[in-house]
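What follows draws every value from the coordinates through simple rules; no lab data is involved. Everything numeric here is computed off the predicted structure, so don't read it as measured data. All Cβ positions, glycine included, derive from the backbone under ideal geometry; neighbour counts span all protein chains shown.
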Amino acid sequence: MYFKTCPVANQLNSCPSYQREDILESAQYFMGVALLAARRSRDPSTQVGACIVNEEKKIVGVGYNGMPNGCGDDSLPWRRSGDNPVETKYFYVCHAELNAIMNKNSADLKGCTIYVTLFPCNECSKLLIQAGIKNVIYLSDKYHKLDNVIASKKMLDLAGIPYE
Ligand SMILES: O=c1[nH]c(=O)n([C@H]2C[C@H](O)[C@@H](COP(=O)(O)O)O2)cc1CO
Ligand SMILES: [Zn+2]
């Protein structure tokens, strides 16, 4: 049993078995890392972060949505709509999940959990499934009515990957 205040000396930290108890839970920590990564995104409307964690609870990949490497942050559009889809961001932006997978520092991602601030789209779910990710933890599901998210959930269900 551990005490915040040592019951013997009635003094903080004086007990050899003292340890802090109000620590961040691991799920909060990993989602916190995803949220911090999202803050690196230059997308003016939606910033997404992803943090991939292995079965030993070690972070093995982090990413956020951004333009492809070498394409220059000012060379491609960030707008959401326009007369020509080529002039919107959607053809270009690399999703947070893709970047987290590509940034992995382990041989593979089999059995990993992904913490992601926005529910993965259908393309990202394909990547997660093929990479061997076994669990999805998300914060926002703001696009749950969109077909791509419905399709995404369909694939995750079929692949036996829970999301919560
Ligand atoms: O799975 C995802 N991962 C991800 O990084 N994104 C990014 C792509 C865009 O930069 C942004 C969505 O933009 P918007 O909300 O303006 O449509 O979020 C979007 C999704 C799902 O839509
Ligand atoms: Zn996606």
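Descriptive notes on the structure:
- Counted residues, the range 119-163 - those being over 23 Å from LEU35 (Cβ atoms) and of a type in the set (Gly, Ala, Ser): 4
- Every test in (1) more than 13 Å from ligand 2 (Cβ to nearest atom); (2) hydrophobic (A, V, I, L, M, F, W, C); (3) surrounded by fewer than 22 Cβ atoms within 10 Å (Cβ to Cβ) is passed by LEU109 save one, and that test is (3).
- Hits in the range 137-156 (condition: under 17 Å from GLY63 (Cα atoms) and within 12 Å of ligand 2 (Cβ to nearest atom)): TYR138
- Candidate set: the range 26-80, residues that are hydroxyl-bearing (Ser, Thr, Tyr) and under 18 Å from ILE101 (Cα atoms); chosen: the one surrounded by the fewest Cβ atoms within 10 Å (Cβ to Cβ): SER41
One line per residue, one yes/no per condition, for (1) within 13 Å of ligand 1 (Cβ to nearest atom); (2) touching a Gly at 6+ places or on another chain (Cβ under 7 Å):
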position: ARG80; (1), (2): yes, no
position: PRO85; (1), (2): yes, no
position: TYR90; (1), (2): yes, no
position: CYS94; (1), (2): yes, yes
position: ALA107; (1), (2): no, no
position: GLY111; (1), (2): no, yes
position: THR117; (1), (2): yes, yes
position: PRO120; (1), (2): yes, no
position: SER125; (1), (2): yes, no
